[in-house]
Amino acid sequence: LYLQVLNDLWEQDAGLNDAIAYVSVDLSQAPGDLTEGEKAAIARIFAGQHRAEPLTLTMEELAEQGYLTEIKLDGAAAPKQYQWEDGLLFTITADNWAENEVYSLPMVKFHAAKWRTPLGAYGFSGCTALWPELGTWSGYQAEAVWIS
């Protein structure tokens, strides 16, 4: 399911994908209690599909490790803003009620986004996926799509 969501994001606003060397997939807040190994495997597979170096870092970790460049904003009190010149950050985070059931079938709710700059981002909000009786994720639905 998460690989499908990541690839769907990749296809949207394709201009954000130009000249990237890195892809970081942050699943630290994703529903499903993924292990660190599962998170790393998803990042490795996804980045490999798009010929990029895989990372599993959050926005804060990317900034701390020097992957992001600070953008200077006007005004002394402006919060720090960053951009990633040669990479994309993909995140999947749990919705407020991340895991429920519908007709006794497990359901997850989440949000997903890709980010390169404050004005270069795309996302899906209010996503819902239902685990079908056949035992494999067959897709998801997004309530809203946003672009920055």
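The values are calculated or read from the model by the stated rules, or taken from the named source; none is laboratory data. Everything numeric in this text was worked out from a predicted model, so none of it was measured. Here Cβ is always computed from backbone atoms with ideal geometry, including for glycine, and neighbour counts include all displayed protein chains. Just so you know, the surface numbers come from the protein's heavy atoms only, side chains and all, with ligands and any DNA or RNA stripped out. Shrake-Rupley method; radii C 1.70, N 1.55, O 1.52, S 1.80 Å.
A few notes on this one:
- Packing-based ranking, highest mean first, of 28-34, 2-8 given that Cβ atoms within 10 Å are counted: 2-8, 28-34
- Cβ charges +1 (Lys, Arg) and -1 (Asp, Glu), total dipole of the chain, debye: 200
- Pairs of lysines in the chain (C-alpha under 20 Å apart; 8 or more residues apart or interchain): 4
- Rounded, prolate or oblate (a/c below 1.5 giving rounded, otherwise prolate when a/b exceeds b/c) for the stretch 1-74 by Cα gyration tensor: oblate
- Residues whose amide H comes within less than 5 Å of that of residue 95, counting only those at least five positions distant or on another chain, are 109, 110, 111 (H built at 1.01 Å from N in the peptide plane).
- Computed over the chain: relative contact order in percent, which uses C-alpha pairs under 8 Å that are six or more apart: 23
- 0 to 90° range, to nearest 10: angle between helix 36-49 axis and the chain longest Cα axis: 70
- Between 0 and 90°, nearest 10: helix 2-11 axis offset from the chain longest Cα axis: 50
- An ellipsoid equivalent to the chain, defined through the eigenvalues of its Cα gyration tensor, has semi-axes of 28, 17, 14 Å when rounded to whole angstrom and sorted largest first.
- Per residue, the solvent-accessible area of the chain (1.4 Å probe, heavy atoms of protein chains only, all protein chains present) comes to 57 Å².
- Taking 14 Å as the cut-off, the amide N atoms of the stretch 21-36 that come nearer than this to a point 7 Å along the Cα-to-beta-carbon line of residue 94 belong to 27-35.
- Under 14 Å, Cβ to Cβ, from residue 145 - net charge with Lys/Arg +1 and Asp/Glu -1: -3
- Ordering 5, 22, 111 by the projection of their Cα atoms onto the charge dipole of the chain, which places +1 on the Cβ of Lys and Arg and -1 on the Cβ of Asp and Glu, puts 22 at the extreme positive end.
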